[in-house]
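Reading through the structure tokens given below for one structure.
The values are calculated or read from the model by the stated rules, or taken from the named source; none is laboratory data. Bear in mind that the values here come from a model prediction, so they are computed numbers and not experimental data. FYI the Cβ positions are ideal-geometry reconstructions off the backbone, even for glycines, and counts take in every protein chain you see. Side chains included, ligands, DNA and RNA excluded: accessible areas come from the protein's heavy atoms. Shrake-Rupley method; radii C 1.70, N 1.55, O 1.52, S 1.80 Å.
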Amino acid sequence: MSPEQLQEVRLSTAKEMEILHQVSQHPFIITLIDSYESSTFIFLVFDLMKRGELFDYLTEKVTLSEKETRCIMRSLLEAVSYLHDNNIVHRDLKPENILMDDCLNIKLSDFGFSCVLTPPEKLRELCGTPGYLAPEILKCSMDETHPGYGKEVDLQMLMLRMIMDGRYHFSSPEWDDRSDTVKDLISHLLQVSPERRFTAEQTLQHPFFQSHQRDRGSTVTPYHRFRIAALTALACVRILLGWRRARPVTRELLIRDPYGVKGIRRLIDACAFRIYGHWVKKGERQNRAALFQNQPKALLWTIGDDEDHDGEL
């Protein structure tokens, strides 16, 4: 690289570091922990995001549920809204620049194309990744009379596809099981006109996000996930073994061994307590089973001559 190119890289890296220091405190933006510079390299130390890029996660999952999409997009929109409130435009939003940790929480990274944009200032530079560019960035590069673009480009890039003329449709069967709410939100974000396109704040106020509580990524560590899975498996085994040992309650069983069924045993003890006023304990001379050993005595009814009594028992 020529000295001029080296100086350009140094200046652009310094600008990126300055923006990162300004926004690193946000929970959904990557944190620049430290930086080191040698004669040949500049080292930037960031959060360790073990799950890697959102792109790889999407490739692995193929499709996401609306709940999981809502969780990821809400976090990303809050990060973009924070950038825009601080007059910063990212200009390179794509799945490869969204990183995930072990708990599937996301952080926005790679601020190499970001810059400070104070309204009503506009940008004209062609930058970003082909396939994710907003229509106005491409139009601006082809038309010298174009007024330029602003922070609205980030919202178009959020949809992760390039649409120049705004013609699209929700094809079947991919979109058959998606709600009308999410389709309405996408329609507002895929507006070719920046003025009609939803802002980050408007997107967060859409019913797709407002009708549900915050679906934060789980903060459970891998160790606790393993413990939960192990305890769940153990509980399932116990339930299965208990079901196999369970005996059907029949009339014959109740006659033969009324105390063999725990629920019936409790019922009998409760009735005995009501009768005797104390618990019938199992001992040498007092056995709860003795309640069933006595047969009912026959009732004898005799007719006597006593004028005062019609009969005797």
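Some notes on this structure:
- Peptides 80-87, 36-43, 194-201, ordered by how many other C-beta atoms sit within 10 Å of their residues on average, highest first, read 80-87, 194-201, 36-43.
- Cα-Cα over 21 Å, subset of LYS94/LYS151; LYS151/LYS183; LYS139/LYS183: LYS151/LYS183; LYS139/LYS183
- Extension gain, MET1 back to GLU125 (0.36 nm per residue minus Cα-Cα distance, nm): 42.4 nm
- Segment VAL9-THR221, extension gain: residue separation times 0.36 nm, minus the distance between their alpha carbons: 72.4 nm
- Computed about its Cα centre, the charge dipole of segment 1-68 is approximately 140 debye, with only Lys, Arg, Asp and Glu carrying charge at their Cβ.
- The slack in the chain from LEU64 to MET17, taken as 0.36 nm per residue of separation less the alpha-carbon distance, amounts to 13.6 nm.
- Where VAL261, VAL249, VAL62 fall by accessible area, highest first, once all protein chains stay in place (1.4 Å): VAL62, VAL249, VAL261
- Per DSSP, loop GluC sites (Glu not before Pro) in segment 81-186 with at most 15 further Cβ within 10 Å: GLU121, GLU125, GLU144, GLU174
- Sites matching trypsin sites (Lys or Arg not before Pro) across segment 7-66 that sit in DSSP coil, with at most 11 neighbouring C-beta atoms within 10 Å: LYS50
- Spin-label pair LYS183-ASP269: with each label point 7 Å from Cα along the Cα-Cβ axis, the two points sit 6.2 nm from one another.
- A protection proxy built from the mean count of other Cβ atoms within 10 Å ranks the segments 16-24, 262-270, most packed first, as 16-24, 262-270.
- Segment 1-106 shape via C-alpha gyration tensor axes, a/c threshold 1.5: prolate
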